[in-house]
């Protein structure tokens, strides 16, 4: 095993020399090249046979890049709200592309509302991931849609009946956690009245609006905390009970007249996890010894006296507008009344045990839906039958595509990762349909194109790419959420990466025998050559990136291929498929120039520029295409697809596009046959571009 350490002293001297050289540069900076011994050994790259999934499209070349256009969009976007009608027959799902209505019994889409929830309907400033952005009126005829304002949508006429205008002085504030009063004459909610803060941090207001004239009858300001419980509303005989957390003073319970907004009682309380019209649930941690171990007790308390009604060693959820409660123990589900009458009690599978507890219920408490809004299986919607104690498998799946976009080597399958990073989705490229979803820490296609490799806690496991069926372990070990994998194109080697340190090891998996650790490195990025013969490690520090190359068959380092290029330590590079050219950017403070380097001598070949005025637009997502004749980059602010001719260095096209921002980056990749350009958009959808 060989380990790599960066020589800080050498890099520092090179960085200083480079910075001094830059002081005399004008207009376009020319990085100082670093002399390295050349080699005459060519790299032979095998031809990759890609399936043509869209024969109606042209291969993207220098002759047609100006004709690129958006041809399709996959997915319905990321979910930011779910609601269940009072009769339990209609499910409403709010996403970044609109609001979808489903029949609960058939799970078929029966309607669509073209309204996006966010500040001023802007998908780039989405409302907080919470089920409280939608609410049905008590008779089920109106769907309230909370955004900057509250729209009351008439489900019979499919029109906006009323708009309750935002009465908080911050006109861009978001209203969430909405709920109708029992008589339908008021809407309760939480309003974020400081738009510079994240969803549940900063100052906010508990609000009550009347539905007839939109009057704000209650505004109760409080200092929110993102780690505290969200406010909870319930009502009895025209009196609203509101449990909330004040960051400086703890938990409180408000008793309010629903019609007038008059505060009748305000008192401190324990943290309330659920309420109905009679009781509330608080949790208490019971320690065992001094080791930190213990268990949680659920205290069911009278909502008026705050005296214990019952104490249970279980996860307890009270069902609103009902006298029932959900009691969840390990792989056991019980539904019973406050008085103790058992409706049903059943053992449930470990898979069902991990489904989120529901927040949306029918009026009689017999049906509920739950939505996994983060973590494993984010975007899954389940139906609960609270008469039979059954939890369905996911009836609706909204893949939260946000990262990890890649094609299988034959181009038939597309892999994406979720926003939380623990769910991965496989799409059929020909149809754009989701095939299946898998849970894990990371996922990649195998080189054989018929498997998906998923990093799980005790192994990296293989799944069938068509069905999602489990096949076998590939590498056994202990892995966690900081583990990523990279597969060599020939399928013989696997890079196992610790993203917390950028350290990794390369293992030989090609002979299907005992796993061999070939080499290990620290503080480096890893790249495989397309023929699987070589690995490149790239480390960045103090203004330069250092490159080292290794022969995978022997584990020997190719000493004569070492080199450095100035990149300000920002490692975002692209190798040509034959490893004879390298594209980097940096050194200008804005990442607005691209440098082409000849390899393995690391001599500067060309400096590529963009046409945007003042060249202040940053660029990223570098990729060689068209048999290494073109270089692609994505320019941002304003957005554009940029193409250069590699042989001449000329700018061929800057195509303006509109891409919604994502805090995880906008991942862009070409299909293996180079007919599709796919963009992972910030609205949670996949946009497909091509040349017709």
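Each reported figure results from applying straightforward, stated rules to the coordinates on display, with no laboratory input. Just so it is clear, the model here is predicted, and its values are computed rather than measured. Positions of Cβ are generated from backbone atoms using ideal geometry, with glycine treated the same way; all protein chains shown enter the neighbour counts.
Rounded if a/c is under 1.5, else prolate if a/b is larger than b/c, else oblate: which is the stretch 291-447, with a ≥ b ≥ c the root eigenvalues of its Cα gyration tensor? It is prolate, given that a/c is not under 1.5 and a/b is the larger ratio.
Calculated on the Cα set of the stretch 310-367, radius of gyration then Dmax: 11.1, 30 Å. Fewest neighbouring Cβ atoms within 10 Å first, the residues 232, 242, 175, 115 line up as 115, 232, 242, 175. Full extension of the chain between residue 329 and residue 459 gives 44.0 nm of extra length, using 0.36 nm per residue less the Cα-Cα distance.
Highest mean packing comes first when the peptides 678-684, 210-216 are listed by Cβ atoms within 10 Å, giving 678-684, 210-216. Residue order for 156, 278, fewest other beta carbons within 10 angstrom first, comes to 156, 278. Computed packing ranks the peptides 524-537, 333-346 as 524-537, 333-346, most packed first, by mean other Cβ atoms within 10 Å. Here the peptides 55-67, 642-654 are ranked by packing, the mean other Cβ count within 10 Å, and the order with the highest first is 642-654, 55-67.
Ranked by how many other Cβ atoms sit within 10 Å of their own Cβ, fewest first, the residues 163, 657, 316 fall in the order 163, 657, 316.
Can you give the translational diffusion coefficient of the stretch 366-512 in µm²/s, computed by Stokes-Einstein from the Kirkwood radius over Cα pairs at 25 °C and 0.890 mPa s? Provide the component values of the computation, followed by the final result.
On the way: Rh = 16.1 Å.
D = 152 µm²/s.
So for the stretch 326-400, averaging the separation of alpha carbon pairs under 8 Å that are six or more residues apart and normalising by length, what relative contact order in percent results? Rounded, it is 23 percent for the stretch 326-400.
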